[in-house]
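The values are calculated or read from the model by the stated rules, or taken from the named source; none is laboratory data. Just so you know, these numbers come straight off a predicted model, no measurement behind them. Cβ: placed from backbone, ideal geometry, glycine included. Neighbour counts: every protein chain shown. Just the protein is used for accessible areas: all its heavy atoms, side chains included, with ligands, DNA and RNA removed. Shrake-Rupley method; radii C 1.70, N 1.55, O 1.52, S 1.80 Å.
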Amino acid sequence: MKKVSIIGATGYTGGELIRYLLRHPGVRVVHVSSERSAGQKVSALHPDLLGKIDLILHKQDPDKIAKDSDLVFLCLPHAESATAAKRYLDLGVKVIDLSADFRLKSAALYEKWYKVRHPQPALLKQAVYGLTEFYRSKIKGAKLIANPGCYSTTSILTAMPLVKKGLAKRGSIVIDAKSGVSGAGRKVEEKYIFGETHENFLAYGVSGHRHLPEIEQELGVPATFVAHLLPVFRGILVTVYAKLSRKISVKDLHKIYSDFYKGERFVRVLDEGKFPDIRAVQHSNFCHIGVGMDPKGDTAVIVGVTDNLGKGAAGQAVQNMNLVLGFKEETGL
Ligand SMILES: NC(=O)c1ccc[n+]([C@@H]2O[C@H](COP(=O)([O-])OP(=O)(O)OC[C@H]3O[C@@H](n4cnc5c(N)ncnc54)[C@H](OP(=O)(O)O)[C@@H]3O)[C@@H](O)[C@H]2O)c1
């Protein structure tokens, strides 16, 4: 049995990780940390866990956590995570970081978008970007995994076949993205409270969302990305529009997508003419993709959905953990 710990277990991704890991046959959660709720049972913060896991939340004690754990998940805000990652790596523990701290390869780019100095730029070289479908072999041997952003995961999976097959005219990719409110985490901010989000719908980060540089880094081409806040708790839907570089039928485009993701357990291309909805992927590690084209036949219209807390965070983190710790990739998922 492998032992793992969750740093920042009171938040949305920490709670979701515990739910996934309770179903995992080869892993036991040994420590759960919180700075503000130390001393309370984890089920006091995540009531659905009552009777399923009795761990008490403790403030971080890296020496003890490292001694008892094969791997730690960091579910902390950016910048806090990088500092913690260094500590655990130095103590010989593998780290899966759910924050943005190690996703961008360039510290300068990180500092531009996150408006803080990178706390551990020297670790960027060794971090492996954890979009499992594209980095499987590197993830297997990694000590530090940068789990991708939720919008980024959904956008990259949805757009990548167009890019890899040279089907998108350069500069024409537009990603119209919508997320449920849990994407912002559990912290209290007025714009995310029920009264503001219920029966409301809005665009944000229009002049620059932090997931854009991550998406462009991985796609290797420029894109326009606009995020919207959906009045639901969980789920992301992105619509990717791209001018086609050559004439192609929607049937052939659909076949390209189906072939591209053939054999992938967690990416499902729907039948031709079908488009996904977020309910189908909530509480799961799946990404569903629908392939279409506008009636003029010059623009691909690809729709992708994930659960931001699933494939967009905790699910993918477990998928990556499985590779790092030597389990079958789909175990517990
Ligand atoms: N939500 C998503 O859909 C999603 C998806 C992908 C990635 N992520 C990323 O994953 C990370 C966690 O997100 P989340 O949604 O779970 O956030 P969250 O719900 O706000 O939870 C944050 C956690 O971090 C801890 N924390 C906050 N400030 C801290 C500090 N200064 N020092 C130590 N611990 C601190 C909190 O612990 P206390 O109990 O002490 O308050 C809490 O457990 C973030 O970096 C986020 O960007 C989130």
* To do: Using the structure shown, decide if VAL206 is touching a strand residue (DSSP E or B) at 6+ places or on another chain (Cβ under 8 Å), crowded, with 16+ Cβ neighbours inside 10 Å and not in a helix (DSSP H, G or I).
  => no
* Within the stretch 239-259, can you find the residues that are under 14 Å from VAL163 (Cα atoms), of a type in the set (Ser, Thr, Tyr) and open to solvent by less than 80 Å² (accessible area, probe 1.4 Å)? -> SER245, TYR257
* **Matching residues, the stretch 14-54, being touching a Phe, Trp or Tyr at 6+ places or on another chain (Cβ under 8 Å), within 13 Å of the ligand (Cβ to nearest atom) and not hydrophobic (A, V, I, L, M, F, W, C)** => GLY14
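Residue by residue, here is whether (1) surrounded by fewer than 17 Cβ atoms within 10 Å (Cβ to Cβ); (2) touching a Cys at 6+ places or on another chain (Cβ under 8 Å) holds:
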residue: TYR261; (1), (2): no, no
residue: GLU264; (1), (2): yes, no
residue: ALA280; (1), (2): yes, no
residue: SER284; (1), (2): yes, no
residue: CYS287; (1), (2): no, no
residue: LYS296; (1), (2): yes, no
residue: THR306; (1), (2): no, yes
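Between SER258, SER284, which is modelled with pLDDT of 95 or more, assigned by TED's automatic domain parsing to the domain that holds MET160, within 16 Å of the ligand (Cβ to nearest atom) and among the hydroxyl-bearing types (Ser, Thr, Tyr)?
Numbers: SER258 fails: within 16 Å of the ligand (Cβ to nearest atom).
One residue alone meets the criteria, SER284.
Starting from residues that are surrounded by fewer than 24 Cβ atoms within 10 Å (Cβ to Cβ) and of a type in the set (D, E, K, R), keep the ones in the stretch 308-333 and report whichever is farthest from the ligand (Cβ to nearest atom).
Top of the filtered list is LYS328.
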* Asked: ASN147 passes all but one of (1) crowded, with 22+ Cβ neighbours inside 10 Å; (2) more than 19 Å from the chain's Cα centre (by Cα); which number fails?
  -> (2)
* Asked: Which of the helices (runs of 4 or more DSSP H) contained wholly in the stretch 62-123 include at least 3 residues that are open to solvent by 30 Å² or more (accessible area, probe 1.4 Å) and of a type in the set (Ser, Thr, Tyr)?
  -> none
* Asked: Within the bounds of the stretch 4-19, is there any residue that is out of contact with any Leu (no Cβ under 9 Å at 6 or more places or on another chain), within 22 Å of SER182 (Cα to Cα) and in the same structural domain as ALA66 (by TED's automatic domain parsing)?
  -> no
